[in-house]
Amino acid sequence: MNREPATTPDAQLRAHCTADADGRITFHLPTLEAPDPQSAQLLLRLRPKKGQPEETLHVLDVEDVEAVDGGGLRAVLEPQHPLSEGRWDVYLLLEPGAPRQRVRPGLRDLRALVDGHTRDWPSPVAVRVPYATKDGYLAVRAWLRTAHAEVEGIDVTDHSMTVKARLHGATLSAGAVVRLRARGPNGAVRTWEPQAESTGRRFSFTVDYEELVAADATGSRVWDISVQAQTAEGAPLIRIGRLFDDVADRKAIFVYPSAAVGGVTVRPYYTVDNDLSVEVTAAE
């Protein structure tokens, strides 16, 4: 049985945080009521999947910044320590080994993340966004991928969608394809040839909804979208999505219109991982 780690009662402890463009996150804490506040630690815990045990922790030392930043304490997550992909809950330890205290979010300064899509990101692509969980606690959403294709625009019509994207950590070679794969066993696969710019980084593709619906007669289905940038056998698929800004969960925020095609509705949407997919829903 997966048991949650012991924590102290919620004392409304809050931490402000500032995210830098290079990936650094600085957590600002109030002065703590503890014998030695500088012995405190900030604990980031990778949230395990349901039914799985806790496995991955990352501990940050806390330093006194009495002379700067208005006083208080500070902990810094440096960019050269990439976090594994997932959601990291933030706890305070008053001293090493002490019971964990959940931390609530204070002010989150994420302005440096807003224009992240304008920069070139090297491989591996490491992204982190501090956010407030549904139950009001502080967490960090992290992505760590060898390469990524960032959506720069989606144009939706009654019969198709056109996606513009940019590769980071990879370039398109001759023969590259965009692949849509239906979820489920033996899911159908459709491919489109991307229209690429000379740099091999920016590309676009148009998905014809009627062609997509005709490829799978099962009715309701979700199609995941990737690009295969290299033609060599076994070349990895690079997921297409939107990661480079200050939005940790865009599924309910970026909502695109649906289109009626042959008795079903079709719409692009962002998954819980901010990846781009297409949902086909049969009429009830």
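The values are calculated or read from the model by the stated rules, or taken from the named source; none is laboratory data. Nothing here was measured: the structure is a model prediction, and the numbers come from that model. Here the Cβ positions follow ideal geometry from the backbone for every residue, glycine too, while neighbour counts run over all protein chains shown. Just so you know, the surface numbers come from the protein's heavy atoms only, side chains and all, with ligands and any DNA or RNA stripped out. Shrake-Rupley method; radii C 1.70, N 1.55, O 1.52, S 1.80 Å.
Considering only segment 124-137, I want to know if a residue exists there that is outside any strand (DSSP E or B), touching a His at 6+ places or on another chain (Cβ under 7 Å) and either among the β-branched types (V, I, T) or without any contact (Cβ under 8 Å) to a residue 60 or more places away in the chain (or both).
Our first condition is that a residue be outside any strand (DSSP E or B); within segment 124-137, this holds for 124, 133-137.
Then keep just the ones that are touching a His at 6+ places or on another chain (Cβ under 7 Å); that gives none.
No - not one qualifying residue is present in segment 124-137.
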### Query
Within segment 138-183, can you find the residues that are open to solvent by 20 Å² or more (accessible area, probe 1.4 Å), assigned to a strand (DSSP E or B) and under 27 Å from G262 (Cβ atoms)?
G153, I154, D155, V156, T162, K164, V177, R179, R181
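Can you say whether R201 is touching a strand residue (DSSP E or B) at 6+ places or on another chain (Cβ under 8 Å), over 23 Å from E85 (Cα atoms) and basic (K, R), as far as the supplied structure shows?
Values: touching a strand residue (DSSP E or B) at 6+ places or on another chain (Cβ under 8 Å): yes; over 23 Å from E85 (Cα atoms): yes; basic (K, R): yes.
Yes, satisfied.
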### Query
Just checking, how many residues over segment 216-268 are open to solvent by less than 70 Å² (accessible area, probe 1.4 Å) and assigned to a strand (DSSP E or B)?
19
#### Entry: strands (runs of 3 or more DSSP E) completely within segment 20-84 that count 3 or more residues being touching a Phe, Trp or Tyr at 6+ places or on another chain (Cβ under 8 Å) and either open to solvent by 30 Å² or more (accessible area, probe 1.4 Å) or modelled with pLDDT of 95 or more (or both)
41-46, 73-77
### Some residue of segment 103-120 being surrounded by 14 or more Cβ atoms within 10 Å (Cβ to Cβ), over 23 Å from the mean Cα position of the chain (by Cα) and closer than 16 Å to L29 by Cα
no
### Task
Report the residue count in segment 201-212 for those that are in contact (Cβ under 8 Å) with a residue 24 or more places away in the chain, surrounded by fewer than 19 Cβ atoms within 10 Å (Cβ to Cβ) and under 30 Å from G263 (Cβ atoms).
4
### Message
Could you tell me how many of the residues in segment 95-112 are at pLDDT below 90 and either touching a helix residue (DSSP H, G or I) at 6+ places or on another chain (Cβ under 8 Å) or in a helix (DSSP H, G or I) (or both)?
### Response
2
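Hey, any hits in segment 99-109 for a residue that's of a type outside the set (K, R) and within 28 Å of E193 (Cβ to Cβ)? Outline the logic, then answer.
Let us first name the residues in segment 99-109 that are of a type outside the set (K, R), namely 99, 101, 103, 105-107, 109.
Among the residues that remain, those that are also within 28 Å of E193 (Cβ to Cβ) are: none.
No, every residue in segment 99-109 fails to be of a type outside the set (K, R) and within 28 Å of E193 (Cβ to Cβ).
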